[in-house]
Amino acid sequence: MFLRKRPDRRDPLAIAMIGVRLGERLLQIGIDDPRSLGALAAKVGISGTAAVVTIDEPGANQARAAIADASTVADIFVAPDASLPFGTSSFDVVVINATGGLLTSLDDTTRARLLTETHRVLRAGGRAIAIEAGTPSGVKAVFSPAPKVDERYEQAGGTVGAMEAAGFKPVRLLADRDGLRFTEGLNTPLHN
């Protein structure tokens, strides 16, 4: 009995870093990790709201499958032009799942529109967290290549600079761990 391994009840890194809570209004943009989508939607529970935006119908189908596998509920939308179909201040937390390169694959205008729209739909005091491919560590570092870096994007300030340009203040790199990089921006209300 004492040699039996206890089940690990901790949340995966991405879920823990996002810190979404029961009852919050959550929007996820992108579907690079379907399992995390289901786990995040389950975290907000039936007292909260979960929505997903993808850029195409195959992404929406992947989101539907992830939500069904997690036995939870989320509204799923397709927005190929990066215009978000929600009212102002609709969400407490927005997750931009860009581990597959969503932010770097968009042209400058579309990326700026997506981040500006993200800022618009986020309530004052709300948080946006971009999850991108980061530096591999441990065994992954030995067997996985380092993520491709878009030099032009990084020289322009990368995700931190893009989020600041969209109105997020402050913006900070939360962590670069286990192959994931987390950047957080707040929708800080202006004070007169």
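No lab work stands behind these numbers, since they all come straight from the coordinates. The model shown is predicted, which means the values in this text are computed figures rather than measured ones. Positions of Cβ are generated from backbone atoms using ideal geometry, with glycine treated the same way; all protein chains shown enter the neighbour counts.
For residue 45, nonlocal amide neighbours, meaning residues 5 or more places apart or on other chains whose placed amide H falls under 5 Å from its own, are 23. Residues whose amide H lies under 5 Å from that of residue 175, counting only those 5 or more places away or on a different chain, are 182; hydrogens are built 1.01 Å from N in the peptide plane. Under 5 Å between amide hydrogens, built in the peptide plane, is the criterion, and for residue 51 it picks out 26, 27, 28, 75 among residues at least 5 positions away or on other chains. Neighbour counting of Cβ atoms within 10 Å sorts the residues 17, 163, fewest neighbours leading, into 17, 163. Evaluating 6.51 cos²θ - 1.76 cosθ + 1.60 at θ = phi - 60° for every residue in the range 16-21, the Karplus couplings come out as 5, 5, 6, x, 5, 10 Hz, glycine and proline recorded as x. A helix-only calculation puts the chain at -9500 deg cm²/dmol for mean residue ellipticity at 222 nm, using -39500 (n - 2.57) for each DSSP H run of at least four residues, averaged over all residues.
Taking the range 49-69 and a reference point 7 angstrom along Cα→Cβ of residue 83, no backbone N atom is nearer than 13 Å. Reducing the range 8-49 and the range 69-108 to their Cα centroids gives an inter-centroid distance of 13 Å.
Put in order of Cβ neighbour count within 10 Å, fewest first, the listed residues 94, 171, 139 become 139, 171, 94. Scalar couplings 3J(HN,Hα) for the range 75-89, obtained by applying the Karplus form with A = 6.51, B = -1.76, C = 1.60 to θ = phi - 60°, are 7, 10, 10, 10, 9, x, 9, 6, 8, 8, x, 9, x, 4, 6 Hz; x denotes Gly and Pro.
Taken about its Cα centre, the range 14-186 carries a charge dipole of roughly 500 debye when the Cβ of each Lys and Arg holds +1 and the Cβ of each Asp and Glu holds -1.
What list do you get for 113, 127, 35 if you sort them by fewest beta carbons within 10 Å?
35, 113, 127
Rounded to the nearest Hz, the phi-derived 3J(HN,Hα) couplings of the range 113-128 under the Karplus curve 6.51 cos²θ - 1.76 cosθ + 1.60 (θ = phi - 60°) are 5, 4, 6, 5, 5, 4, 4, 5, 7, 8, 5, 4, x, x, 10, 10, where x marks glycine and proline.
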